[in-house]
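Here the structure is laid out as structure tokens; the discussion comes afterwards.
Every number here is computed from the coordinates shown, using simple stated rules; none is lab data. Here the structure is a predicted model, which is why all the values come from computation and not from measurement. We place every Cβ from the backbone using ideal geometry, glycine too, and count neighbours over all the protein chains shown.
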Amino acid sequence: MTKQELTQKVKEMALNQLDMVGITPSSRLECAPEGRRPSDILPTARSVIVGLIHILDSVCDDLPYSRYEYTNQFFILNGILNETARKICHFLEEEGYRALPIPAAYPRINKLPAGVLSHRHAAVAAGLGEFALNNLLTTEKYGSRVRLVSIVTEADLEADEPYKATLCEERRQTCGLACVRNCPTGSLTADSYIDKLKCLHYQEQIMPWSAAELRCGLCLASCPIGKREFKEPAQPEKRSEKVKELKELWTGAKW
């Protein structure tokens, strides 16, 4: 199988379940901290495949009230991402190439707020999107409402061009730095800094306990990039005051 054919097959397999896929040479990520480079994961690494899947807009638009539904999307979409990555790795192994999937969730090392490989940096290098002010990967079509998975492989695949557009910067005047304003912890700043430990502390220690380990999502939902327009307007006023109080209690909407 030629390099072009192998690349096409990998992308076809990814897009059978995912919404976008990109490929970067592993060399573009060798500036990462030691221990988190593709070659640290797989010494013979040549390529990194990055796939993403869109989080439902209906779930994001109603945050923070929809935090249970939003968190459930993590479980559902992470499963799809991880299984798709497993299938692609299996295919590459059948073709004679080592391939290691980097999981879509919980790639953190011990309690450090960093994984063995940055999906977001890999995604930018693979041409899928940019780092927005909210410190999330942000795409033109889906905004920040995406989940990611990566594969490190020794297969030499055709690379995509790194992402170079500045979607976030072009919209900051009109959005009023919505992600910074709406962060309940002040973890985000106008100069693109995020206090990851403060963010994690809020989600893991401050928000109401739940077996689902609720996620916040307000930085993601606040971004106007890629926001879908529906046929009918949202009507949050239909909620009674009692329901609002219950939702705020259950989801930590005002915590």
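When the Cα positions of Ala45, Ala85, Ala105 are compared along the charge dipole of the chain, Ala105 comes out farthest toward the positive end, with charges on each C-beta of Lys, Arg, Asp and Glu. When the range 2-139 is described by a simple charge dipole with +1 on each Lys and Arg Cβ and -1 on each Asp and Glu Cβ, the residue from Ser118, Thr7, Gly22 located farthest towards its positive end is Ser118. Loop-located chymotrypsin sites (Phe, Trp or Tyr not before Pro) in the range 171-224 (DSSP state not H, G, I, E or B) with no more than 16 neighbouring Cβ atoms inside 10 Å: Tyr193, Trp209.
So what is the 222 nm mean residue ellipticity for the chain from helices alone, if each DSSP H run of at least 4 adds -39500 (n - 2.57) and you divide by all residues, rounding to the nearest 500 deg cm²/dmol? Mind dumping the intermediate values first?
Values: 10 runs with 93 residues, N = 255.
Per the formula, -10500 deg cm²/dmol.
Legend: ranking of residues His54, His119 from fewest to most surrounding C-beta atoms inside 10 Å; resulting order His54, His119. Note on Lys11: lysines with a C-alpha under 21 Å away, same-chain residues under 8 apart excluded, are Lys3, Lys87, Lys141. In whole Å, how far is the Cα centre of the range 192-209 from that of the range 56-78? Centre-to-centre distance over Cα atoms comes out at 18 Å.
For the range 143-207, what class follows from the C-alpha gyration tensor (a ≥ b ≥ c being the square roots of its eigenvalues): rounded when a/c is under 1.5, otherwise prolate if a/b is larger than b/c, else oblate? Oblate, since a/c reaches 1.5 and b/c is not below a/b. Give me the aspartates and glutamates in straight-line cross-link reach of Lys198: C-alpha distance below 18 Å, same-chain residues under 8 apart excluded. In chain and number order, the partners are Glu213. Leu197 to Thr2: FRET efficiency via 1/(1 + (r/R0)^6), r the Cβ-Cβ distance, R0 45 Å, to the nearest 0.05? After rounding to 0.05, the efficiency reads 0.45.
Could you tell me whether the chain comes out rounded, prolate or oblate from its Cα gyration tensor? Rule is a ≥ b ≥ c as square roots of the eigenvalues, rounded for a/c under 1.5, then prolate if a/b exceeds b/c, otherwise oblate. Cα axes put the chain in the prolate bin.
Footprinting exposure proxy ranking of Ser26, Ser47, Ser192, fewest other C-beta atoms within 10 angstrom first, gives Ser192, Ser26, Ser47. If only the Cβ of Lys and Arg carry +1 and only the Cβ of Asp and Glu carry -1, the dipole of the range 1-124 around its Cα centre is close to 460 debye.
For the chain, the longest principal axis of the Cα atoms and the long axis of helix 67-94 meet at an angle of about 0 degrees. Couplings 3J(HN,Hα) of the range 222-227, computed from phi: 6, 5, x, 5, x, 5 Hz, in residue order, whole Hz [Karplus 6.51 cos²θ - 1.76 cosθ + 1.60, θ = phi - 60°; x for Gly and Pro]. Each of Lys238, Lys11 was scored by other Cβ atoms within 10 Å of its Cβ. Arranged with the fewest first, they read Lys238, Lys11.
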